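In what follows, a structure is listed as structure tokens, so that the remarks can point back to it.
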Amino acid sequence: MTTRGRANLGRYGQGALVALSLAVSGDALAQQFAEGPPYSIDIEFVRPQFGSSSFAGVDAAMANRNLTWRLGALWQYEQNPLTLYEGLTNQELGPVVANRWQQTYGASLDVQRVTFGLAIPMSYDWDSDGTQVAFSAPGYKLGDIGGTVRVLVIRTPNDVFNVGGRVGLTLPTGAQNAYSGEGAIRFTGAALVALNLGPLTVASDFGLMSRATRETREDFVAASEVQWGNALRLKLPDATRVGVNAQLLSRSVLEQFLQGGAENSLEALGGLEVYPSRRTTVSLGAGRGLTSGYGTTDFRIFTGVMVEVPPREPLPPTYVLEEPPTPIAEIPPEVDVIIEEPTEPVFEEGEIIQKLKDRIYIRDMVEFVVDTNTIMDKSLPTLQAVADLVNADPYIANLVIEGHASQEGSYEHNYKLAESRARAIWEKLMEYGVAEDRIAYRGLGEVKPIQEGEDEEALQKNRRVEFHITRQFDSPDQMPDYPDFQTLPWNGTIVKVVQPEKPEAEPVEEPPKGPKLDEFGLPIDEEE
């Protein structure tokens, strides 16, 4: 009886293995091992990168705020990732690695557009009934430690479309003859593409891994591979703090590229992501092999956690307060009674906006589609009311629309989102006839929260838009005549400008007619 390393593609979820002996390869990278199994072949299929927005098995062309650290871990249970077959009949003889508890711990650091990563894999294998004990290598093992450098070559605003590249180096630190590590340095190179459309993220990770060629007479070759992973993520509404994802991972030995058998592996994964805080992601998922390639499983479940550590903010300046001088007189000074005007509006029934001092307050917050600048229809009456108030008040010279964001996501993302939402309102007010010269917008991101905390109530209050009157006219003489029409710069549409009605100027009193008088009230003889 012989063993067979290339299984039929029709069998699902079972990794196929070479067995019995190794043939010495003429390749310069080939290695010689002691006769007989087990062998020094790293069979692990799901390899996390711990980069920004990365998936369990797919890297994403994303980076976060400069000098942001990430610490992460991925734990997996794998059932039958390596199985032995009879050579002639292709009959399954039993698992070689029946059960594996795989752990990967790692870290990454963003430096502008460059991300440095480190991953340390470990595993614990144990046998079950039917295990091919002569081939197995149960026990706890350290894997091959790897490091990567990723660079974003193309990065668009809001990370709508990013392109990057990654190079990596894997050291032979793993246990030999244990299906956990290899005896030579491995190099990787990959091209990365990421597409972000609001709550939807799509990522593709395509590359090569060089490895020492291992040939066996069991019709299996372990050699350099093509690796390709694709993934998508859909974040549900913010209140749920949950996202769903799906991944499809594949690899193929170059010498047997797309020819089936043990050298070609394909596995599908799916799961959930939970965001307990803005900087913590917990992942849960499961997977199953779609072909009989080595490393694919009958069943895989995994969980992981990743925590971001942003750079430390500079400490505020320290001020030394001097003791006030001792008052000379103990008699308290007289105090003028000042009646303070209200600082917050009180809306009456049916009232949705109110002008108070240098600000326009709105009763209901402007709502947008999640993680976009698309204004929801139910907020349009509020914006129409703001436009009507500005158009009716000629004393308003300039109104600034301020966009604010909650503390979820990176500073850069929150700033761009807040600015784009403020601009969307600016555009809507111009469509409603407010003169372009009277309105402006700016984004302040997350730097001015109105309520501290990371609970949903605080986050919801910090996602807001404010309307500040930065300049007002003192008299009708200062009020300009605005153009009757204006062209919207983003689409060329011509809209009518509403002219605020100017108040009538107060009449100027003329000096009384009659002779000029001196300081004593006597007429002055002008001829003198």
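The values are calculated or read from the model by the stated rules, or taken from the named source; none is laboratory data. Keep in mind that this is a model prediction, so the values were computed, not measured. We place every Cβ from the backbone using ideal geometry, glycine too, and count neighbours over all the protein chains shown.
For Glu412, are the conditions met, namely being under 30 Å from Val160 (Cα atoms) and modelled with pLDDT under 90? Working first, answer last.
Details: under 30 Å from Val160 (Cα atoms): yes; modelled with pLDDT under 90: yes.
Taking the combined requirement at face value, the residue satisfies it.
Working carefully through the options Ala222, Ala184, Ala239, find the one that is assigned by TED's automatic domain parsing to the domain that holds Asp59, in contact with a strand residue (DSSP E or B) (Cβ under 9 Å, 6 or more places away or on another chain) and not charged (D, E, K, R).
On the way: Ala184 fails: in contact with a strand residue (DSSP E or B) (Cβ under 9 Å, 6 or more places away or on another chain); Ala239 fails: in contact with a strand residue (DSSP E or B) (Cβ under 9 Å, 6 or more places away or on another chain).
Exactly one residue qualifies, and that residue is Ala222.
Residue pairs, Cβ under 8 Å, 6 or more apart or interchain, first in the stretch 394-414 and more than 30 Å from Glu504 (Cα to Cα), second among the hydroxyl-bearing types (Ser, Thr, Tyr) and surrounded by fewer than 19 Cβ atoms within 10 Å (Cβ to Cβ). List them.
Filtered contacts from the stretch 394-414: Gly403/Ser420; Ala405/Tyr415; Glu408/Tyr275.
Is it the case that Gly433 is farther than 21 Å from Ile450 by Cβ and part of a loop (DSSP other than H, G, I, E, B)? Please lay out each step first, then the result.
Numbers: farther than 21 Å from Ile450 by Cβ: yes; part of a loop (DSSP other than H, G, I, E, B): yes.
Yes: the conditions hold for Gly433.
Taking the stretch 194-241 only, how many residues are under 19 Å from the mean Cα position of the chain (by Cα), more than 30 Å from Arg463 (Cβ to Cβ) and not small (Gly, Ala, Ser)?
Number satisfying all stated conditions: 2.
When the residues of the stretch 277-300 are narrowed to those that are surrounded by fewer than 16 Cβ atoms within 10 Å (Cβ to Cβ) and in contact (Cβ under 8 Å) with a residue 40 or more places away in the chain, which ends up nearest to Gln227 (Cα to Cα)?
Only one residue fits best here, namely Phe299.
In the stretch 129-182, which residues are in contact with a Pro (Cβ under 6 Å, 6 or more places away or on another chain) and among the β-branched types (Val, Ile, Thr)?
Thr131
Which one of Arg70, Arg47, Arg113 is within 24 Å of Ile185 (Cα to Cα), among the basic types (Lys, Arg) and either modelled with pLDDT of 90 or more or not assigned by TED's automatic domain parsing to the domain that holds Gln227 (or both)? Lay out the reasoning, then the answer.
Working: Arg70 fails: within 24 Å of Ile185 (Cα to Cα); Arg113 fails: within 24 Å of Ile185 (Cα to Cα).
The match here is Arg47.
Take Asn391 and tell me if it is touching a Pro at 6+ places or on another chain (Cβ under 7 Å), under 15 Å from Ile353 (Cβ atoms) and in the same structural domain as Ile362 (by TED's automatic domain parsing). Before you say what the answer is, go through the steps one by one.
Working: touching a Pro at 6+ places or on another chain (Cβ under 7 Å): yes; under 15 Å from Ile353 (Cβ atoms): yes; in the same structural domain as Ile362 (by TED's automatic domain parsing): yes.
Yes.
Where residues in the stretch 449-473 are without any contact (Cβ under 8 Å) to a residue 60 or more places away in the chain and assigned to a loop (DSSP other than H, G, I, E, B), which of them is surrounded by the most Cβ atoms within 10 Å (Cβ to Cβ)?
So the residue we want is Pro449.
Quickly run through the stretch 438-448 and pick out the residues that are touching a residue at least 40 places away in the same chain (Cβ under 8 Å) and either at negative phi or not assigned by TED's automatic domain parsing to the domain that holds Lys357 (or both).
Of the residues in the stretch 438-448, the ones touching a residue at least 40 places away in the same chain (Cβ under 8 Å) are 438-446, 448.
Passing the criteria: Arg438, Ile439, Ala440, Tyr441, Arg442, Gly443, Leu444, Glu446, Lys448.
Quick check: is even one residue across the stretch 129-141 over 18 Å from Tyr77 (Cα atoms) and outside any loop (DSSP other than H, G, I, E, B)?
First, the residues of the stretch 129-141 that are over 18 Å from Tyr77 (Cα atoms): 130, 132-135.
Now narrow it down to the ones that are outside any loop (DSSP other than H, G, I, E, B): none.
Among the residues of the stretch 129-141, not one is over 18 Å from Tyr77 (Cα atoms) and outside any loop (DSSP other than H, G, I, E, B), which makes the answer no.
Going by the conditions given, is Asp144 assigned to a loop (DSSP other than H, G, I, E, B) and within 38 Å of the chain's Cα centre (by Cα)? Working first, answer last.
Values: assigned to a loop (DSSP other than H, G, I, E, B): yes; within 38 Å of the chain's Cα centre (by Cα): yes.
Considered against the rule, which asks whether it is assigned to a loop (DSSP other than H, G, I, E, B) and within 38 Å of the chain's Cα centre (by Cα), Asp144 comes out as yes.
Take the stretch 124-160 and flag every residue that is acidic (Asp, Glu), surrounded by 15 or more Cβ atoms within 10 Å (Cβ to Cβ) and without any contact (Cβ under 8 Å) to a residue 40 or more places away in the chain. If you could, list the steps in order and put the result at the bottom.
We begin by selecting, within the stretch 124-160, every residue acidic (Asp, Glu); these are 125, 127, 129, 144, 159.
This time we only want the ones that are surrounded by 15 or more Cβ atoms within 10 Å (Cβ to Cβ), so: 125, 127, 144, 159.
Once the filter is applied, which keeps residues that are acidic (Asp, Glu), surrounded by 15 or more Cβ atoms within 10 Å (Cβ to Cβ) and without any contact (Cβ under 8 Å) to a residue 40 or more places away in the chain, the stretch 124-160 yields only Asp127.
Output the residue which, of all residues in the stretch 117-128 that are in a strand (DSSP E or B) and touching a Ser or Thr at 6+ places or on another chain (Cβ under 6 Å), is farthest from Met306 (Cα to Cα). Steps first, please.
Residues of the stretch 117-128 that are in a strand (DSSP E or B), as a first pass: 117-126.
Okay, now just the ones that are also touching a Ser or Thr at 6+ places or on another chain (Cβ under 6 Å), so 117, 119, 121, 123.
On the way: Gly117: 13, Ala119: 13, Pro121: 16, Ser123: 20 Å.
The selected residue is Ser123.
Quick one: which strands (runs of 3 or more DSSP E) lie wholly within the stretch 169-285 and hold at least 2 residues that are at pLDDT 95 or above? If you could, list the steps in order and put the result at the bottom.
Values: elements: 186-197, 200-209, 214-216, 220-222, 225-235, 242-253, 264-277.
Where strands (runs of 3 or more DSSP E) fall fully within the stretch 169-285 and carry at least 2 residues being at pLDDT 95 or above, they are 186-197, 200-209, 225-235, 242-253, 264-277.
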